Amino acid sequence: MGSSWRWHLSRTMRLAMRWCRVPQRGGGCGGNRPWISGRCFEVWSYSKMLLRSLYFNSLTNADTLLDCAFEPVYWIVDNVTRWFGVVFVCLVVLLITSVVVIIYLFVLPTILSTYPLYMIVWHLCYGHWLLVMVVFHYYKATTTAAGSPPKEKTQIPAVSICKKCITPKPPRTHHCSICNQCVLKMDHHCPWLNNCVGHFNHRYFLCFCLYTTLGCVYCSISSKDMFLDAYNTIERYYQTPPPTEPYVESTAHKSIIFLWVLTSSVSVALGALCLWHMILISRGETSVERHINHKETRRLRDIGKVFKNPYHHGTMNNWKLLLGVEKRSHWFTRVLLPSSHPPNGDGILWEFSFSRRDPMAI
């Protein structure tokens, strides 16, 4: 059928030429108007049939039609997100670097010159620990592949077939249109990482969000007094009439204001995102599974059944599985210190929290 489009094009052109041909009068046609309406109806019917042949099948519904209509929009968004991912990563690195430079140039000298010794030691240890954790987890989250089903293996457990890859999809696996591949335990595609968040880097992503939020809160609280002083100084400089004393350290004041506004806004926005993901982890869900489970819960509720998440092993066990905590010492070595240990499992086989005899449709 390689030449089918040529046949459709030729047929359309023939219909257009026949419609434009001058009709012969007589024959009971009643003039040009019935002929024109008949030709228009013929062209419209053929165009509608041609359009339907491009997408129609036995599974066609309103969702399929909507996906077909918005496919160009999806393509543009996916490609823009893919190409702007590098820009977003550079922006994150630039913002983190600017915060660190401002702290070393303006905040840290004030702490060393005015704070008591025990506060100096605490700020140095806590601040540098946060910096190491943020940098380490961001680097690992951006460079670690989320994981995809192996293509060389044909006998793997699958729950469906990916319509894009035309390959079996293991449980909790979903297709990412931006990465153009199936991702194991896919949570979402993060443009700030230029990477998918999945089975092998989910812990790095969560720890980066958590430690970045803690770092922004720490910077906002530590620089609050300096921010108020800088803000009052700048406001006093622009008052009418202006002050008579010289205005000094304008760069320092503006840098402190930039630091406080940036860290405060990021702590609120990123803190809300981190809280949302912590709730999902406590429930044993990902962002994609949240929507699927919500629809399944409503469907089963309508028929008098109760939905139970098969991957929910309890709040504490869910956190242990994500963080890779197997014994008590791992809370220190794997959570509070940088660790590149792999997650539990291969992302293909998953343990269910109930047996098939339980009253739930899988």
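The values are calculated or read from the model by the stated rules, or taken from the named source; none is laboratory data. Keep in mind the model is a prediction, meaning the values are calculated, not measured. So basically every Cβ, Gly included, is an ideal-geometry build from the backbone, and we count neighbours across all protein chains shown. Heavy atoms of the whole protein, side chains included, go into the accessibility calculation; ligands, DNA and RNA do not. Shrake-Rupley method; radii C 1.70, N 1.55, O 1.52, S 1.80 Å.
Glu296: net charge of surrounding residues, Cβ under 13 Å, Lys/Arg +1, Asp/Glu -1, itself excluded?
Net local charge, Glu296 excluded: +4.
Once you have the Cα-Cα distance between Tyr115 and Lys327, take 0.36 nm times their residue separation minus that, and quote the gain in nm to one decimal.
Using 0.36 nm per residue and subtracting the Cα-Cα distance, I get 72.4 nm.
Picking from Pro171, Tyr118, Cys190, whose Cα lies most toward the positive end of the charge dipole for the range 107-200 (charges on Cβ: Lys, Arg +1; Asp, Glu -1)?
Of the options given, the answer is Pro171.
Within the set of other residues whose C-beta is less than 13 Å from the C-beta of His137, count the net charge using Lys and Arg as +1 and Asp and Glu as -1.
Result for the local shell: +3.
Just the number, please: carbon plus sulfur as a percent of the accessible area of the range 108-260, 1.4 Å probe, no ligands or DNA/RNA counted.
Of the solvent-accessible surface of the range 108-260, carbon and sulfur hold 63 percent.
Is the shape of the range 103-143 best called rounded, prolate or oblate, per the rule: a/c under 1.5 gives rounded, else a/b larger than b/c gives prolate, else oblate, with a ≥ b ≥ c the square roots of the Cα gyration tensor eigenvalues?
oblate
Please report, for the Cα atoms of the range 142-193, the Rg to one decimal and the Dmax as a whole number; what are they, in angstrom?
For the range 142-193, the Cα radius of gyration and maximum Cα-Cα distance read 11.1, 35 Å.
Could you calculate the contour length gain from Val261 to Asp225, that is, 0.36 nm times the residue separation minus the distance between their Cα atoms, to one decimal place in nm?
11.6 nm
Can you give me the accessible area per residue for the range 270-332, using a 1.4 Å probe, in Å²?
Normalised by residue count, the accessible surface of the range 270-332 is 63 Å².
Count the net charge of all other residues whose Cβ sits under 14 Å from the Cβ of Ile281, scoring Lys and Arg as +1 and Asp and Glu as -1.
Summing Lys and Arg as +1 and Asp and Glu as -1 gives +3.
What is the distance, in nm, between label points placed 7 Å from the Cα along the Cα-to-Cβ direction at His291 and at Ala269?
So the two model labels end up 2.2 nm from each other.
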